[in-house]
1. Please tell me if Glu276 is under 29 Å from Leu340 (Cβ atoms), away from the ligand (no atom under 14 Å from the Cβ) and modelled with pLDDT of 95 or more.
2. Yes or no: region 322-339 includes at least one residue that is closer than 18 Å to Leu118 by Cβ, hydrophobic (A, V, I, L, M, F, W, C) and more than 16 Å from the ligand (Cβ to nearest atom).
3. Run down Glu148, Glu181 and say which single residue is assigned by TED's automatic domain parsing to the domain that holds Ile312, surrounded by fewer than 20 Cβ atoms within 10 Å (Cβ to Cβ) and closer than 16 Å to Tyr212 by Cα.
4. Does Ala282 qualify as being outside any loop (DSSP other than H, G, I, E, B), under 30 Å from Ala145 (Cα atoms) and more than 16 Å from the ligand (Cβ to nearest atom)?
5. Name the residues in region 264-286 that are of a type in the set (Phe, Trp, Tyr) and either surrounded by 23 or more Cβ atoms within 10 Å (Cβ to Cβ) or over 23 Å from Val86 (Cα atoms) (or both), would you?
6. Can you name the strands (runs of 3 or more DSSP E) wholly within region 1-113 that have at least 2 residues being closer than 22 Å to Thr322 by Cα and among the aromatic types (Phe, Trp, Tyr)?
7. When you go through Arg58, Arg124, Arg83, Arg52 one by one, which is the residue that is at pLDDT 95 or above and of a type in the set (Lys, Arg)?
8. Please note which strands (runs of 3 or more DSSP E) are completely contained in region 287-360 and include at least 3 residues that are surrounded by 20 or more Cβ atoms within 10 Å (Cβ to Cβ).
Amino acid sequence: MKITTITATEFSLGPLERPYWNSIIRSTSKGFSRIEIHTDEGVTGTSFGGNRSHVLGRFKDLLVGQDPLNAEACWDRLYAYNRKPVAKGEYISAIGVVDIALWDLRGKALGQPCWKLLGGHRQRVPVYAAGGYYEEGKGIRELVAEMEGFLAHGYQAVKMKVGWPGAGLKHDAERVRAVREAIGPDNDLLVDVNNAWDANTAIKFGRMIERYEPYWFEEPTPADDYRGQAAICAALDTPVASGENEFTRWGFRDLIEAKAVDIVQADPRTCGGFTEWLKIAAFASAYHLPMAPHGGPHVGAHCVAAVSNGLIVESYVHSVQTHVNEFVEPPDIRDGYVTLPDRPGLGLIWKEDAIQRRLG
Ligand SMILES: [Mg+2]
């Protein structure tokens with residue numbers, strides 16, 4: 001089998017009715033993108049997410065004529081393209097999107113779901129709903145209603161944001177308390193700082209909310225502050241989750257060796273694709289660290305299901321990315337778990353007519 005071409009579909013879905021923000025990033029619009037890798041045998045691999053069309057031309061030159069089943073060879077061709085490969089940044093995430101589409105293709109060619117091809121550890125994996133952003137006019141009451149809505153959708157773990165300077169530590173701690181009280185002791189509460197603080201502020205806040213038993217404390221410091229995050233890991237009982245802004249096995253080696261992470265959140269797109277994610281998971285397993293991939297469940301659940309140290313997967317399909325459901329069926333989420341499909345590849349169910357309608 002040979003790769004014949006790569007195509008991309010991208011469109012804007014316009015401005016958000018209600019912009020939202022975390023501690024550092026304000027989201028005001030939404031869009032959708034999909035890439036497709038075609039072969040001479042009529043099998044097509046697809047993946048979605050991430051506007052990476054600016055490098056697709058280069059990737060096409062590197063992959064056309066290659067056998068898509070040779071995963072390592074394809075990855076190495078993409079990585080070595082720059083001649084002086086750089087292990088971090090947008091280019092790695094672009095490789096990630098293509099690599100995931102290649103795995104979808106492999107699954108379809110072999111008639112097996114990705115989670116099995118990648119390792120095949122279990123078919124049902126824990127999932128959490130990621131939300132709890134800040135919004136104009138969104139107070140504690142609205143935050144609590146959102147979290148209760150997640151439980152009603154079948155989640156047993158929910159994530160909320162803290163760290164926006166406009167909120168302040170005391171108010172953020174109050175938000176955490178309210179959510180814990182609302183969801184009760186039997187559901188898990190994850191708290192995400194999105195890199196907003198220095199280590200001392202994070203330790204102070206971590207102690208303020210320890211009584212509410214957070215499941216994890218996510219990205220308390222900037223992604224390059226290994227030393228500060230290691231101090232937080234050492235100071236708090238709450239595990240520190242991190243890695244959505246880290247790239248490749250080499251970046252994760254440094255993060256893990258610095259003792260700056262308890263739960264490894266390698267995002268399969270950002271880190272360089274499934275091929276690279278598996279290497280990171282293997283490295284983490286040697287340190288007895290669990291993997292909790294950042295990003296949506298369509299892709300991430302395959303990662304968690306593939307490896308023995310998979311912990312939990314993130315989901316936005318009932319929060320800030322409901323627009324994706326217009327184009328792809330949401331995964332099967334019930335009783336706190338995602339059940340992985342038996343369908344080949346990623347097992348995505350595309351709503352082709354909705355995509356064509358948007359393309360006009
Ligand atoms: Mg995060």
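1. Yes: the conditions hold for Glu276.
2. Yes; the residues of region 322-339 include at least one that is closer than 18 Å to Leu118 by Cβ, hydrophobic (A, V, I, L, M, F, W, C) and more than 16 Å from the ligand (Cβ to nearest atom).
3. Glu181
4. No: the conditions fail for Ala282.
5. Phe274, Trp277
6. 3-21
7. Arg124 is the lone residue from the list that is at pLDDT 95 or above and of a type in the set (Lys, Arg).
8. In region 287-360, 313-315 are the strands (runs of 3 or more DSSP E) which contain 3 or more residues that are surrounded by 20 or more Cβ atoms within 10 Å (Cβ to Cβ).
The values are calculated or read from the model by the stated rules, or taken from the named source; none is laboratory data. Because the structure is a prediction, the values reported are computed rather than measured. A quick note on method: Cβ atoms are made from the backbone with ideal geometry, for glycine too, and the neighbour counts reach across all protein chains shown.
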